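Here the structure comes first, spelled out in structure tokens, and everything after it is commentary.
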Amino acid sequence: MRWLALHLPLLSLEAFCATLPEADATRPVVLLAEHRVHSANPAAAACGIRAGMKRATALALAAELLPAETNPARDAAALQAVAHAALAYTPSVTLHDTQTVLLEVQGSLRLFGGLATLHRRLVAALVPLGHRVQMAAAPTALGAALLAQWFPTLPGRSDPAALVAGPHAGNMAALQTLLDAAPVALLGPGRLHGEALQGMGLHRLADLRVLPRGGLARRFGTELLDELDRALGRQPDLRRWVTLPSSFDSRLELFARADSTEQVLHGASVLLARLVAWAQARHARVGAFTLRMRHERQRQAAVPATELQVALAEPSLAPAHLQLLLRERLAHVVLAAPTLELQLQCSHLVAGEAPNGELFPSAASEAVGLARLLERLRARLGDDQVQRLMAVADHRPERASRTVPAQGTGTPAPPAAAAGPSSAAAAVAAMAGAWPLHRPAWLLPEPLPLAERDALPLLQGRPLQLLSGPERIETGWWDGEPATRDYFIAQAEDASLVWVWRSRLPPAAGEVQWFLQGRFA
């Protein structure tokens with residue numbers, strides 16, 4: 001078996017800093033646990049603040065220090081996003097502790113082209129989450145976890161989103177050699193009995209292996225040796241696999257209240273990165289998502305949450321594209337009160353991988369471009385302001401189509417149906433599966449009455465030459481607006497083609513008999 005361990009030593013601090021406004025990103029920040037420093041960012045470390053230091057001492061070293069309490073729920077949500085990102089590459093993912101994710105990848109190596117290629121894919125998937133990751137590989141789950149936790153941070157690598165490659169043990173002999181040099185405190189029971197072990201001169205795991213097991217078990221209990229045996233593969237190590245939820249639901253409590261939509265977007269980008277990791281694990285693309293903003297109470301009264309629904313015309317997994325659509329929607333939102341918490345939900349996924357890229361434009365790529373344009377227009381103008389034509393089963397050209405909002409996440413409407421004032425007659429013909437050649441592409445909003453001379457219609461005072469027809473339409477008797485017409489294709493004096501019709505019923509005195517319905521392009 002081959003196990004990969006992803007250890008996130010700064011997970012708690014990074015999960016908190018992700019909620020900070022951009023203006024506070026450079027401030028010294030510490031997380032406190034029981035009034036002592038749990039972790040400190042590089043700016044706080046530069047002031048001399050270290051883990052274990054008292055809160056008052058840290059404040060004395062940095063007057064502008066930003067302290068906050070650790071939050072296990074916030075850390076668990078961040079660790080879950082890392083596990084979801086790992087599930088895109090293997091179904092065997094488990095949580096070792098609150099900072100380490102384990103992957104069993106033996107069956108995935110051939111699929112992804114080896115361990116080095118899998119590493120690169122993991123880097124690309126984990127960088128958007130913004131965590132520093134220490135990675136190690138070993139034949140056992142606990143062995144990989146211990147190597148990843150023990151491997152020291154490389155000097156000069158302060159990028160919080162960096163992935164540091166640790167030692168890789170290809171077999172049990174190599175794993176034992178690496179663990180022999182590891183400190184005893186790396187094991188859980190070793191930390192519990194640290195002073196006693198140090199007093200006996202037991203500093204490394206190799207020192208434990210050479211001592212009689214019976215004596216160690218009587219003095220320190222069997223847990224110390226059991227954990228060492230599991231790391232070296234001498235005892236079974238049972239694990240519970242991480243399972244993917246059927247829908248995505250993640251919350252983010254903001255450290256500072258967001259008074260503007262730009263601040264909301266900064267926090268929502270964290271949730272979008274988690275959404276993409278979840279969707280990739282399900283091997284699907286995001287079709288729609290909902291952002292809910294919970295506000296601060298105003299004058300002792302609760303303010304209803306603001307909800308934004310974003311539907312994509314073409315499903316996507318690109319965080320930048322999802323963030324762009326959300327930015328367009330947020331630009332038209334007026335916050336009823338400052339925002340304190342964000343919640344992102346998604347249950348609409350489209351299964352399958354994204355289409356492959358193409359060297360030259362094709363009909364499919366042009367349709368995707370149209371879909372992206374419709375998405376941005378809907379996000380900026382609103383769903384009801386972007387319309388498309390829908391065919392209606394009616395032979396009357398003016399009733400053969402109607403406009404509906406261009407919503408949904410399916411295939412965008414064909415170009416002819418999305419071209420604005422396109423022919424309603426063409427829409428009817430599209431229902432039959434063929435584009436008509438005897439009807440124009442453009443119709444007038446209302447039929448234009450035409451004068452008549454010698455039984456021929458006049459256009460701008462010039463007689464039209466009838467080329468083909470009549471095409472007879474008799475319909476509408478059931479709704480009180482009957483249409484009894486003969487349609488003709490006519491040629492104007494400038495050689496342009498028009499579509500005209502004549503009423504088949506005898507006209508009353510003074511009534512017009514000829515009408516212009518449309519023009520051929």
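The values are calculated or read from the model by the stated rules, or taken from the named source; none is laboratory data. Being a predicted model, the structure only gives us computed values, none of them experimental. Glycine gets a Cβ as well: all are built from the backbone with ideal geometry, and neighbour counts include every protein chain shown.
Side notes on the structure shown:
- Of the residues making up region 95-141, just one is assigned to a loop (DSSP other than H, G, I, E, B), touching an Asp or Glu at 6+ places or on another chain (Cβ under 8 Å) and of a type in the set (Gly, Ala, Ser), namely 130.
- Subset of region 15-28 that is touching a strand residue (DSSP E or B) at 6+ places or on another chain (Cβ under 9 Å) and closer than 17 Å to residue 45 by Cα - its residue that is surrounded by the most Cβ atoms within 10 Å (Cβ to Cβ): 16
- Any hit, region 448-464, residues being at pLDDT below 85 and either farther than 19 Å from residue 507 by Cβ or not in a strand (DSSP E or B) (or both): yes
- Applying the criterion of being of a type in the set (S, T, N, Q) and in contact with a strand residue (DSSP E or B) (Cβ under 8 Å, 6 or more places away or on another chain) to the residues of region 227-256, the residue that is nearest to residue 22 (Cα to Cα) is 250.
- Residue check for residue 268: among the small types (Gly, Ala, Ser), touching a Gly at 6+ places or on another chain (Cβ under 8 Å) and not in a loop (DSSP other than H, G, I, E, B): no
- Residue check for residue 179: closer than 30 Å to residue 125 by Cα, touching a residue at least 12 places away in the same chain (Cβ under 8 Å) and assigned to a helix (DSSP H, G or I): yes
- Residue check for residue 337: part of a loop (DSSP other than H, G, I, E, B), surrounded by 18 or more Cβ atoms within 10 Å (Cβ to Cβ) and either of a type in the set (Gly, Ala, Ser) or in contact with a helix residue (DSSP H, G or I) (Cβ under 7 Å, 6 or more places away or on another chain) (or both): yes
- Test: residue 255 is aromatic (Phe, Trp, Tyr), at pLDDT 90 or above and outside any helix (DSSP H, G or I): no
- Each residue in region 485-517 was checked for being surrounded by 14 or more Cβ atoms within 10 Å (Cβ to Cβ) and under 56 Å from the mean Cα position of the chain (by Cα), and 16 pass.
- Qualifying position, being β-branched (Val, Ile, Thr), modelled with pLDDT of 90 or more and under 30 Å from residue 283 (Cα atoms), among 57, 100: 100
- Where residue 63 falls short, out of the listed (1) surrounded by fewer than 17 Cβ atoms within 10 Å (Cβ to Cβ); (2) closer than 21 Å to residue 140 by Cα: (2)
- Test: residue in region 470-480 that is over 54 Å from the mean Cα position of the chain (by Cα) and in the same structural domain as residue 448 (by TED's automatic domain parsing): yes
- Condition check for residue 309 on (1) exposed (fewer than 15 other Cβ atoms within 10 Å of the Cβ); (2) in contact with a helix residue (DSSP H, G or I) (Cβ under 6 Å, 6 or more places away or on another chain): one failure, at (2).
- Residue in region 213-224 that is outside any helix (DSSP H, G or I), of a type in the set (Phe, Trp, Tyr) and either farther than 17 Å from residue 149 by Cβ or over 41 Å from the mean Cα position of the chain (by Cα) (or both) present: no
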